[in-house]
1. Among (1) surrounded by fewer than 19 Cβ atoms within 10 Å (Cβ to Cβ); (2) touching a Lys or Arg at 6+ places or on another chain (Cβ under 7 Å); (3) more than 12 Å from chain A (Cβ to nearest Cβ); (4) not acidic (Asp, Glu), there is one condition residue B:87 misses while meeting the rest; what is its number?
2. Here is a list: A:79, A:53. Which entry is modelled with pLDDT of 95 or more and either among the hydrophobic types (A, V, I, L, M, F, W, C) or more than 26 Å from residue B:97 (Cα to Cα) (or both)?
3. Taking region A:62-88 on its own, how many of its residues are within 20 Å of residue A:12 (Cα to Cα) and either within 14 Å of another protein chain (Cβ to nearest Cβ) or crowded, with 17+ Cβ neighbours inside 10 Å (or both)?
4. Condition test on residue B:65, is it surrounded by fewer than 21 Cβ atoms within 10 Å (Cβ to Cβ), more than 20 Å from residue A:86 (Cβ to Cβ) and touching a Lys or Arg at 6+ places or on another chain (Cβ under 7 Å)?
5. Could you grab me the full set of residues in region B:9-31 that are in a strand (DSSP E or B) and either away from chain A (no Cβ under 14 Å) or at pLDDT 95 or above (or both)?
6. Quick check on my filter: what residues within region B:37-68 are of a type in the set (Lys, Arg) and within 11 Å of chain A (Cβ to nearest Cβ)?
7. Could you please give the count of residues in region B:18-35 that are acidic (Asp, Glu) and under 9 Å from residue B:94 (Cα atoms)?
8. In region B:57-113, how many are of a type in the set (Gly, Ala, Ser) and under 16 Å from residue B:2 (Cα atoms)?
Amino acid sequence: GIQVEQSPPDLILQEGANSTLRCNFSDSVNNLQWFHQNPWGQLINLFYIPSGTKQNGRLSATTVATERYSLLYISSSQTTDSGVYFCAVERGGGFKTIFGAGTRLFVKA
Amino acid sequence: NAGVTQTPKFQVLKTGQSMTLQCAQDMNHEYMSWYRQDPGMGLRLIHYSVGAGITDQGEVPNGYNVSRSTTEDFPLRLLSAAPSQTSVYFCASSLVGPGAEAFFGQGTRLTVV
């Protein structure tokens, strides 16, 4: 099956710093999403981005489908950005969404 | 608007017991799914459904059963709980098609002793 790898596994930032999270996937996909799991366990959809670039406030994401990777950018990080960021992909013709292991982010005040 | 509601939030079972995790959504979403989250492994898909009467297996279906008799409800059944099923379980729903945003329930923390 398709493999999804996220890097780095852990990241510690000072408040105000910028960061880039990466998601590599091993096969072509027709759906890619980024999620944030807050410290209380709630999962929130950030972006649906099978290709191209999207921005939402301080967050933006870029997926280069031909090279099988996606990047999530966090600018001017805040303590509320802490949590785990997951990349999830879905292959064409099916409905099986496969998650990466996540990047655990801690933003220090 | 309740979104995706999971019950219970916490549960402790003895090995061999059975139970049903409930999931309900009020957004008229066709797609519903169950995941388990274990430390360091992200979320793994257990079962999913693309509509009432239609279910299929995900990555880790063994030991779990599902049914989808209505659009709103997608219960997950453990017939004979095992310690390996100790995990946090999430239910999700979405529309089917490009751009469909997934909505997650708050999770059920299950411990099997």
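The values are calculated or read from the model by the stated rules, or taken from the named source; none is laboratory data. The structure presented is a predicted model; accordingly, all values stated were derived computationally and were not measured. Virtual Cβ from ideal backbone geometry, glycine too; neighbours counted across all protein chains shown.
1. In the conditions (1) surrounded by fewer than 19 Cβ atoms within 10 Å (Cβ to Cβ); (2) touching a Lys or Arg at 6+ places or on another chain (Cβ under 7 Å); (3) more than 12 Å from chain A (Cβ to nearest Cβ); (4) not acidic (Asp, Glu), residue B:87 misses (1) alone.
2. Details: A:53 fails: either among the hydrophobic types (A, V, I, L, M, F, W, C) or more than 26 Å from residue B:97 (Cα to Cα) (or both).
Unique residue meeting the criteria: A:79.
3. Step one: filter region A:62-88 for residues within 20 Å of residue A:12 (Cα to Cα), giving A:71-87.
The next check asks that each one be either within 14 Å of another protein chain (Cβ to nearest Cβ) or crowded, with 17+ Cβ neighbours inside 10 Å (or both); those that pass are A:71-72, A:74, A:77, A:81-87.
Looking only at that region, the number is 11.
4. Values: surrounded by fewer than 21 Cβ atoms within 10 Å (Cβ to Cβ): yes; more than 20 Å from residue A:86 (Cβ to Cβ): yes; touching a Lys or Arg at 6+ places or on another chain (Cβ under 7 Å): yes.
Answer is yes for this residue.
5. Within region B:9-31, the first condition is being in a strand (DSSP E or B), and the residues that meet it are B:10-13, B:19-25, B:31.
Correct list: B:10, B:11, B:12, B:13, B:19, B:20, B:21, B:22, B:23, B:24, B:25.
6. Quick first cut of region B:37-68, residues of a type in the set (Lys, Arg) only: B:44, B:68.
B:44 - this is the single residue of region B:37-68 that is of a type in the set (Lys, Arg) and within 11 Å of chain A (Cβ to nearest Cβ).
7. From region B:18-35, those acidic (Asp, Glu) are B:26, B:30; that's our starting set.
Cutting the leftovers down to under 9 Å from residue B:94 (Cα atoms) gives us B:30.
Adding up the residues that qualify gives 1.
8. Selection size over region B:57-113: 6.
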